[in-house]
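Scroll down for the structure; my scribbles are underneath it.
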Amino acid sequence: MTSVSFLLCFVLGFSVAQASYQGFGKESLTAEQMRKFEAPDVPEALATQIQRYFDIRSPGAGVLSAKTKKQLFFSWGVTGTSQVWRIDQPKGFPVQLTGGKDSTALVGQTPDGKWLVVSRDRNGEEHPGLYLLSPQGGALVEIQHLPKVRTFLQGISSDSKFLYFTANDLSQENYAIYRYEIESKKKELLLSEPGIWSVADHRDDGLWLLNKSTGSFSDEIYLFNTATKELKPLLGQNEKEEYTVMFTDQKDQYLVLSHRGEDFRALFLYNGKSWKMLSPKKKWDVESLQVDRAKTKVIFTMNENGFTRLYGLEVGSWRKISFPAFPEADHIYPGSITRDGSHLMLSIETSKAPRLSYSYNFKTRLLTQWVLPSSPEVDTSKFVTAREVQYESRDGVKIPMLVRSSVECEKKEMTAPCPVVIHFHGGPEAQSEPGFSVVAQLFVENGFIFAEPNVRGSTGYGRKFRDSDNGPLRENVISDIEDAALYFRKKSSVPRKMGSMGWSYGGYSTLMAMTKFSESFDAGVALVGMSDLVTFLENTAPFRRPLRVTEYGDPVKDRDSLLRLSPVSWIEKASKPLMIIQGVNDPRVPAGEALQMHQALQKKGVKAELILFADEGHGSAKRENRVLEIGNTLQFFIKNLRN
């Protein structure tokens with residue numbers, strides 16, 4: 001450790017000799033620890049309220065049947081765990097195709113309609129496997145599911161003979177690319193070059209576009225000939241630029257999603273020499289891109305101040321495609337597009353209702369709703385709509401923030417203000433968006449103002465804003481956390497209670513709020529958050545480490561900065577109640593992050609609670625665990641902020 005690090009740790013009271021944990025998953029914890037920190041039960045009335053809100057059903061957009069387009073297959077968590085379902089007609093009764101305790105999702109369908117391709121994870125480990133499933137149901141046929149290996153579908157050939165997948169089975173740090181023959185059940189290794197590889201697009205003549213991730217937001221794009229195994233550089237080499245690339249119907253012509261040196265991401269047409277912008281020139285990011293296999297239509301979305309807007313273009317003429325109007329929609333999400341480009345699945349979300357799934361026929365312009373909404377015992381029309389405010393950081397930057405508040409709390413703002421719970425999103429490369437949120441509504445109905453700041457580092461406001469927290473730069477903007485609390489404290493002359501919560505990077509933000517910025521917060525709940533950025537980078541799963549280093553910094557070169565940005569380094573400032581919640585099988589933020597923070601708080605005498613979920617990973621996926629997770633969080637804030 002450098003002399004600077006030693007001095008820093010001495011001043012902040014963080015022991016240089018502290019033993020750091022190693023590894024993640026159940027093997028890094030004892031059975032006694034898991035029993036000791038099991039989630040306590042939630043008061044019955046609160047659990048009932050949460051269960052009622054979790055009954056609001058919002059399935060995925062799904063995939064139309066390949067041949068007839070008269071059935072819909074989709075993922076749905078209505079049983080408490082994500083499973084695969086089928087509907088045989090619009091608004092028909094859904095048939096469950098998969099079951100059990102493990103999260104299962106639909107990821108593809110063969111063009112001949114004979115097979116669905118599904119992904120299944122175990123206990124939140126994020127080591128999913130791939131399986132084939134008959135559209136009629138029945139037993140799964142395993143393609144590949146190996147311990148501590150991540151396997152992801154990358155495409156299916158037009159003749160339905162082959163599917164392609166990536167897996168980190170040769171080494172945990174790298175993803176190889178395989179071709180799998182469905183009939184013979186044989187796999188063939190196509191690419192084993194070091195790197196985090198994925199298939200961006202593929203043609204039937206054997207020419208593929210490959211993406212090699214080099215950072216959180218940087219990529220290299222290659223042309224790959226599957227017959228000769230030749231790998232030819234196309235874009236991004238010797239750059240630190242973000243690229244998403246797909247084929248058009250013309251040889252040597254590509255659709256490219258990129259910043260190209262600008263602040264906002266746009267859609268371009270590229271022929272190897274010249275560039276033409278296809279998306280509207282706006283100060284908003286193009287967020288998503290997809291093209292049908294027949295290369296007739298381009299579908300993309302733009303993030304317009306947190307609202308998702310849908311756009312389409314005809315390939316070749318590049319004429320704009322018109323869509324039905326949804327004036328109430330906060331978000332219009334495109335789902336799958338059929339291989340022939342005839343139909344597009346859409347999910348429509350408003351602040352007053354969960355997502356509804358529709359199919360859109362481009363030829364007839366007919367919009368068909370597939371799944372009936374269901375919200376038993378809950379009137380969603382009474383859900384509070386988020387309003388955007390801006391608070392000013394101490395260095396003069398305007399920070400967007402969404403605020404949800406009841407009429408009752410608005411009336412009491414100047415006399416007896418309601419407590420505020422500030423929810424920091426994960427990522428940090430993410431964005432809190434307006435729309436439908438049962439979690440936000442639960443907080444509002446339990447007497448809290450629920451605020452969601454998009455601190456610097458968030459996406460949706462341009463690359464400069466997003467990258468302003470990278471590496472040691474985070475030291476200049478970490479105060480955005482405290483400034484969110486100060487905004488509310490300044491709104492009223494009457495003292496008010498402030499809480500902080502969040503998952504992942506939001507959990508880290510909460511740990512910083514309750515240590516470095518403890519004077520401005522009264523209670524916090526940190527879920528799957530990092531407590532020490534050095535030990536986090538040393539122990540996070542190997543497939544994530546190189547991408548996280550580009551976001552947080554190098555654990556050797558930037559060690560001093562990482563220590564200054566670690567909540568455990570500020571433990572001497574901690575004094576307020578804190579709850580830490582962690583999934584034992586989390587490969588992203590290892591459980592050791594929660595344990596070392598809890599131990600440090602106990603040693604200092606701070607009131608700290610720890611909850612471990614033995615069958616979860618990076619956040620709770622099973623319904624019963626989600627009830628305990630949200631229930632204990634709400635109960636903790638009711639006890640420490642309201643009472």
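Laboratory data are not the source of any read-out in this text; all were calculated from the coordinates shown. Note that the structure is predicted; figures quoted are calculated from it, not measured. Note that each Cβ is placed from the backbone with ideal geometry, even for glycine, and that neighbours are counted across all protein chains shown.
Each stretch of four or more DSSP H residues adds -39500 (n - 2.57); spread over every residue of the chain, this sum gives -5000 deg cm²/dmol at 222 nm. Simple point charges give the picture: +1 on the Cβ of Lys and Arg, -1 on the Cβ of Asp and Glu, and for the stretch 513-643 a dipole about the Cα centre of about 220 debye.
What is the Cα centroid distance between the stretch 391-442 and the stretch 499-548, reported in whole angstrom? First find each Cα centre; the distance between them is then 19 Å. What FRET efficiency comes out for the pair Arg365/Glu328, r = Cβ-Cβ distance, R0 = 22 Å, nearest 0.05? The pair Arg365/Glu328 has a calculated efficiency of 0.65. The calculated FRET efficiency for Lys320 paired with Lys273, based on their beta-carbon distance and R0 = 25 Å, is about 0.45.
Candidate values (1) 48, 32, 26; (2) 63, 33, 20; (3) 39, 29, 26 were compared with semi-axes √(5λ) of the Cα gyration tensor in Å computed on the shown model; the agreeing label is (3).
About its Cα centre, the stretch 521-588 has a charge dipole of approximately 100 debye under the convention of +1 per Lys or Arg Cβ and -1 per Asp or Glu Cβ, with nothing else charged.
FRET efficiency for the pair Arg260 and Lys639, taken as 1/(1 + (r/R0)^6) with r the Cβ-Cβ distance and R0 = 56 Å, rounds to 0.60. The stretch 571-643 and the stretch 117-194 have their alpha-carbon centroids 34 Å apart.
Put simply, the convex hull of the Cα atoms in the stretch 503-576 casts, on average, a shadow of 4.8 nm². Taken along its principal axes, the alpha carbon cloud of the stretch 310-427 reaches lengths of 60, 45, 25 Å, longest axis first. Along its three principal directions, the equivalent ellipsoid of the stretch 150-246 from the Cα gyration tensor extends over semi-axes of 23, 15, 11 Å, largest first.
Rg/Rh for the stretch 535-601 (Cα atoms only, Rh after Kirkwood) is 0.98. The angle between the Cα long axis of helix 623-637 and the longest principal axis of the Cα atoms of the chain comes to about 30 degrees, rounded to the nearest 10. Stretching the chain fully between Thr68 and Glu183 yields a gain of 39.1 nm (0.36 nm per residue, less the alpha carbon separation).
Relative to the dominant Cα principal axis of the chain, helix 44-54 is inclined by about 30°. Fewest neighbouring Cβ atoms within 10 Å first, the residues His425, His618 line up as His618, His425.
By the count of neighbouring beta-carbon atoms within 10 Å, fewest first, Asp201, Asp469 end up ordered Asp201, Asp469.
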